[in-house]
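The values are calculated or read from the model by the stated rules, or taken from the named source; none is laboratory data. This structure is a prediction, so every number in the text was calculated from the model and none was measured. Note that we place each Cβ from the backbone using ideal geometry, even for glycine, and neighbour counts take in every protein chain shown.
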Amino acid sequence: MKYDNCKNCQNRNCEHFGKDREFVCINGISCKIEKAEEEKKMTYLEQIKVDIMKAIKSEYSMDEIMEKMEDRDSFQEELDELLWTDDAVTGNGSGSYTFDRSKAQEFVLADIETVQEALREFCVEADTIAKKFLESDWEYFDVTARCYVLGMGISEVLDEIEAKAA
């Protein structure tokens, strides 16, 4: 006889689904289907830092980067203006970073705290949030979060560049 515990089982067809108790497996075979350990989801800040670094490397030579770092504040403002509407960084140019509603939804749900902070910080009205949610406009929420973390991401990327140069 084989015993198992269904607490973390994902087999919704099992009569023991979600129950936190030992049970006898039918015919000695467990019906337990564990949810695979999901790949660690990156936060919006982590994602945007990767995109910012790619954008900087494609836009500027290493010499140009080092020259611009001499006036870091000016370089940071330049990057903010350049990347604010860059679809490969924020998606704000077209209104979509992913061009895929389902992928945008995954990003939003994986870092909902940042999305909530962004909506509060940008003073998005509850009516707008409700409308976008009911329309399943996940790209709206995704782009909003990316724009929200852009400045912090640029600052952290420039910190990394300075640290490597030192």
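Quick notes
- Selection of helices (runs of 4 or more DSSP H) fully inside region 55-166 by the criterion of at least 1 residues being under 25 Å from Lys41 (Cα atoms) returns 72-84, 101-110, 112-121, 126-134, 138-165.
- If you go through region 103-121 and keep only what is surrounded by fewer than 13 Cβ atoms within 10 Å (Cβ to Cβ) and in contact (Cβ under 8 Å) with a residue 12 or more places away in the chain, you end up with just Glu121.
- Only a single item in (1) more than 19 Å from the chain's Cα centre (by Cα); (2) modelled with pLDDT of 95 or more is not met by Glu113, and it is number (1).
- Subset of region 86-101 (residues that are on the phi < 0 side of the Ramachandran plot, surrounded by fewer than 17 Cβ atoms within 10 Å (Cβ to Cβ) and in contact (Cβ under 8 Å) with a residue 12 or more places away in the chain): Ala88, Arg101
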